[in-house]
Amino acid sequence: MDVTASPAPVRGVIFDKDGTLFDFSTTWEAWAAAFLRRAAKGDEARAERAGAAIGFDLQRARFARNSVVIAGTPSEIAAELAPHFPELSQDAMLILLNQEAARAPQAEVVPLAPLLTGLQARGLTLGVATNDAEAPARAHLAEAQIKRYFDFIAGSDSGYGGKPTPGQLLAFCEQTGLTPDAVVMVGDSTHDLMAGRAAGMRTIAVLTGLAPREVLEPFADAVLPDIGGLPDWLDALADT
């Protein structure tokens, strides 16, 4: 999408959470190790096999770039793990996943409060759309003391579907009264950017997740090192 073809000024920004607001590796590598060992009840070999099913090397504590955890919903992750934990029902698995997710450590990619304060000072309405569940997402934002900046927070279980479908983003527009062409979607995965384009939004990719520039660039109007570059991008857009 060429931003010059969308003349509407930017009035809103909707962010992905993990890999965009928070460093992906710091959060989810710790989560995966804790979850797998808890679910396997001390059976390290079983934990390693389950980790491999979701693209996680337990011994190295590293995700593969194609891991379902990077952009998948808790339900999708649970489906991959189910054969390794047949004693857990789907509901029990999701409860366990979300409990560990809520406890996962958060590392801000840049100081978030000053950035979000500055965006609000520009008159922008802010939201979060994540494929994480809503409860742990709210817990993460509250822990970082930034939940108050967002007028909209949706997870994959909030009733709007998950990315790459655009339901969360369109719900943001409906609830805030903004039109999609006045909103920018910011994310670190192709799921984020595809959802933004499907909603009719401009899209910005950031390189603070696991996807490299060459994977994200075809789906993005701009690729930034991190969300700290967003104010300069907005200034440049306003000057065009």
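The values are calculated or read from the model by the stated rules, or taken from the named source; none is laboratory data. Predicted model, so just to flag it, every value in this text is computed and none were measured. Cβ: placed from backbone, ideal geometry, glycine included. Neighbour counts: every protein chain shown.
Observations on the structure shown:
- Any hit, the stretch 84-95, residues being within 18 Å of residue 29 (Cα to Cα), of a type in the set (Gly, Ala, Ser), assigned to a loop (DSSP other than H, G, I, E, B) and out of contact with any Cys (no Cβ under 7 Å at 6 or more places or on another chain): no
- Subset of the stretch 137-170 (residues that are of a type in the set (Gly, Ala, Ser) and part of a strand (DSSP E or B)): 154
- Annotation: of all residues in the stretch 199-240 being assigned to a helix (DSSP H, G or I) and touching a Lys or Arg at 6+ places or on another chain (Cβ under 9 Å), the one that is farthest from residue 65 (Cα to Cα) is 237.
- Here residue 70 meets the list (1) within 30 Å of residue 233 (Cβ to Cβ); (2) without any contact (Cβ under 8 Å) to a residue 24 or more places away in the chain almost entirely, failing just condition (2).
- Complete set of residues in the stretch 18-27 that are in a loop (DSSP other than H, G, I, E, B) and surrounded by 24 or more Cβ atoms within 10 Å (Cβ to Cβ): 19, 20, 21
Residues checked against (1) under 15 Å from the mean Cα position of the chain (by Cα); (2) at pLDDT 95 or above:
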| residue | (1), (2) |
| --- | --- |
| 84 | no, yes |
| 100 | no, no |
| 103 | no, no |
| 109 | yes, yes |
| 113 | no, yes |
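- Restricting 174, 214 to residues that are charged (D, E, K, R) and either closer than 27 Å to residue 27 by Cα or touching a helix residue (DSSP H, G or I) at 6+ places or on another chain (Cβ under 8 Å) (or both) narrows the list to 214.
- Evaluation of residue 32 against (1) more than 19 Å from the chain's Cα centre (by Cα); (2) of a type in the set (Gly, Ala, Ser); (3) outside any loop (DSSP other than H, G, I, E, B) (one fails), failing number: (1)
- Residue that is surrounded by the fewest Cβ atoms within 10 Å (Cβ to Cβ), among those in the stretch 56-100 that are closer than 20 Å to residue 137 by Cβ and hydroxyl-bearing (Ser, Thr, Tyr): 75
- Filtered residue count, the stretch 20-56, keeping only those that are closer than 22 Å to residue 128 by Cβ and at pLDDT 95 or above: 3
- Yes/no for residue 207 being in contact with a Pro (Cβ under 7 Å, 6 or more places away or on another chain) and at pLDDT 95 or above: yes
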